[in-house]
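Below is one structure, written out as structure tokens, with a few remarks after it.
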Amino acid sequence: MRSALVLGAGGFVGQAFHLGALCMLQELTGFDGRTVDALVGTSAGSLVAAGLAGGLSAADLTAELLGEPLSREGAALRLARKPEPEPFLDLPAGGRGPLDPAVLLSIARRPFTIRPAAVLSGLLPAGRTSTDPIARSIRYLHGDSWPNRDLRICAVRVRDARRVVFGTPDAPPTDVGTAVAASCAIPAYFRPVRVANQSYVDGGVHSPTNADVLVLDEPELVVVLSPMSLGPGAGPRVDLAVRLAVRRYLAQEVRRLRHRGAQVVVIQPGPQDLDVMGLNPMRGSRVDKIVRTASESVRARIEAQPSLATLLAQA
């Protein structure tokens, strides 16, 4: 069965949600993100996808997030650090003006296909925080090469607000660390990342999940983890409108995948997850609680749907 794993955006909070869910999926069903045929990562999800593509298990990635010891296998992977490529290149600290006003031309050329948030990313000032630490952490695992597997990292090119999927033939070549840094470059917070003389920002401004990049592959099974949307049963929240909008984007992508014959499993935060996740996706002080709650939410779903465990075991 050709399978794919899609890991969506969501900051530190989303990263913790991914890892808690993936650990429990592996424990209960044997589903291992390292062995799927295709990995798609956006923003926080790109960090997890790059780790899995580098051979680190969800348990080891969780240990790293929580500052705990890695397994013997995981420690060996981290110790076998490869030489770093050329120095990382991001833009200087931003000023107060828009990053690239020329993006407005994209509205005139493609008024019905462009995503509003992608346009806005070019009109906001460049952020002041460098993504260099993100790039370096990934390079310790991948060096200056792309893994010999289907790893896709989604970012947005500022000039024309187009999604670019690094790791595919249509994207400019770069190393995994730079691609992940670009995918994580939240507009107005992180500095944009330069690749082939173009500036790139967070792929989540196009879509927090970008599951539709798999449509033409016609996978048989797609597992989507979407920390920024919400599952059934969620009550009123300050960020409800945003999460519902994300869920609508995701629903469109899922429909396209199912139309091509894929079985799609979507894992979104439930009420207990949302209570622990809070409103600030960049708040890292509660990641341990988020990991535990996401694990228990997945356990409850698997126990309530035994057929789901059977399906995931086939991957």
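Computed values, structure above
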read-out	value
Residues being open to solvent by less than 20 Å² (accessible area, probe 1.4 Å) and either assigned to a loop (DSSP other than H, G, I, E, B) or acidic (Asp, Glu) (or both) - total across segment 184-194	3
Segment 259-289, residues that are open to solvent by 50 Å² or more (accessible area, probe 1.4 Å), free of Cβ contacts under 8 Å to residues at least 24 places away in the same chain and not in a loop (DSSP other than H, G, I, E, B)	His259, Asp275, Lys289
Residue in segment 197-209 that is open to solvent by 10 Å² or more (accessible area, probe 1.4 Å) and touching an Asp or Glu at 6+ places or on another chain (Cβ under 6 Å) present	no
Residues satisfying the stated conditions in segment 143-179, i.e. of a type in the set (Ser, Thr, Tyr) and more than 13 Å from Tyr200 (Cα to Cα)	Ser145, Thr168
Matching entry among Pro172, Pro232 (being in contact (Cβ under 8 Å) with a residue 24 or more places away in the chain and closer than 30 Å to Arg128 by Cβ)	Pro172
Residues satisfying the stated conditions in segment 243-258, i.e. touching a residue at least 12 places away in the same chain (Cβ under 8 Å) and of a type outside the set (Ser, Thr, Tyr)	Arg243, Leu244, Val246, Arg247, Leu250, Gln252, Glu253, Val254, Arg256, Leu257
Options Ala181, Ala155: the member that is small (Gly, Ala, Ser), touching a residue at least 40 places away in the same chain (Cβ under 8 Å), open to solvent by less than 20 Å² (accessible area, probe 1.4 Å) and not in a strand (DSSP E or B)	Ala181
Check on Gln252, surrounded by fewer than 21 Cβ atoms within 10 Å (Cβ to Cβ) and not hydroxyl-bearing (Ser, Thr, Tyr)	yes
Members of segment 214-232 that are open to solvent by 60 Å² or more (accessible area, probe 1.4 Å) and either within 15 Å of Val298 (Cβ to Cβ) or in contact with a Phe, Trp or Tyr (Cβ under 8 Å, 6 or more places away or on another chain) (or both)	Pro232
Filtered residues of segment 37-67 (kept if in contact with a strand residue (DSSP E or B) (Cβ under 7 Å, 6 or more places away or on another chain) and surrounded by fewer than 24 Cβ atoms within 10 Å (Cβ to Cβ))	Asp37, Ala38
Every residue from segment 25-35 that is open to solvent by 10 Å² or more (accessible area, probe 1.4 Å) and farther than 17 Å from Ile138 by Cα	Gln26, Glu27, Leu28, Thr29, Gly30, Asp32, Thr35
Scan of segment 170-214 for residues that are of a type in the set (A, V, I, L, M), farther than 24 Å from Pro269 by Cα and under 18 Å from the mean Cα position of the chain (by Cα), ordered by number	Ala171, Val176, Ala179, Ala181, Ala182, Val193, Val201
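Each row is one residue, and each column tells you yes or no for (1) buried (at least 22 other Cβ atoms within 10 Å of the Cβ); (2) part of a helix (DSSP H, G or I).
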residue: Val246; (1), (2): yes, yes
residue: Ala294; (1), (2): yes, yes
residue: Ser307; (1), (2): no, yes
residue: Ala315; (1), (2): yes, no
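The values are calculated or read from the model by the stated rules, or taken from the named source; none is laboratory data. No experiment lies behind these values; they were computed from the predicted model shown. Methodologically, a virtual Cβ is constructed for each residue, glycine included, from the backbone with ideal geometry; neighbour enumeration extends over all protein chains shown. Heads up: the accessible areas ignore ligands, DNA and RNA and are worked out on the full protein's heavy atoms, side chains in. Shrake-Rupley method; radii C 1.70, N 1.55, O 1.52, S 1.80 Å.
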